[in-house]
1. Return, ordered by residue number, the residues of the stretch 9-39 whose backbone nitrogen is under 17 Å from a label point located 7 Å along Cα→Cβ of ILE66.
2. Helix 42-55 versus the longest principal axis of the chain: what is the Cα-based angle in degrees, 0 to 90, to the nearest 10?
3. Once you place label points 7 Å from the Cα toward the Cβ at GLN50 and LEU73, how far apart are they in nm?
4. Ratio of alpha-carbon Rg to the 2.2 N^0.38 Å globular estimate for the stretch 3-92, to two decimals, please.
5. Can you give me the angle between helix 16-29 and the longest principal axis of the chain, using Cα atoms only, in degrees from 0 to 90, rounded to the nearest 10?
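Just so you know, all these numbers are worked out from the coordinates, no wet-lab data involved. On a predicted model such as this, the values are computed, not experimentally measured, just so you know. We place every Cβ from the backbone using ideal geometry, glycine too, and count neighbours over all the protein chains shown.
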Amino acid sequence: MSNEARDTIFIGKKPLMAYVTSTLIQLANLPSVHIKARGLSIGRAVDVAQIISRKTENAGYSIGEIKIGSESLESQDGKQRNVSTIEIEVKRNAS
């Protein structure tokens, strides 16, 4: 398993707190975790990062680098579509 797979949380349709919990578990073992989402899941990714940084201020987590972009995907009708993407880094603050 590559290192990227372990330090990346892909956001989908699960409940919001499932992603928050998963991210916090990864942050217990790693210095930073990347939250990735595309399309309609981008808002949920932002919510996950905000919950972790705001609700766990005493635990010392903060939002790091944010990358935005787009991917070209083929839709079900065969047409090429551009889908927005976001990658948010959540990291442990140095103590």
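1. 11, 33-39
2. Between helix and principal axis, roughly 10 degrees.
3. A separation of 2.3 nm, rounded to one decimal place.
4. Normalised by 2.2 N^0.38 Å, the Cα Rg of the stretch 3-92 equals 1.14.
5. 50
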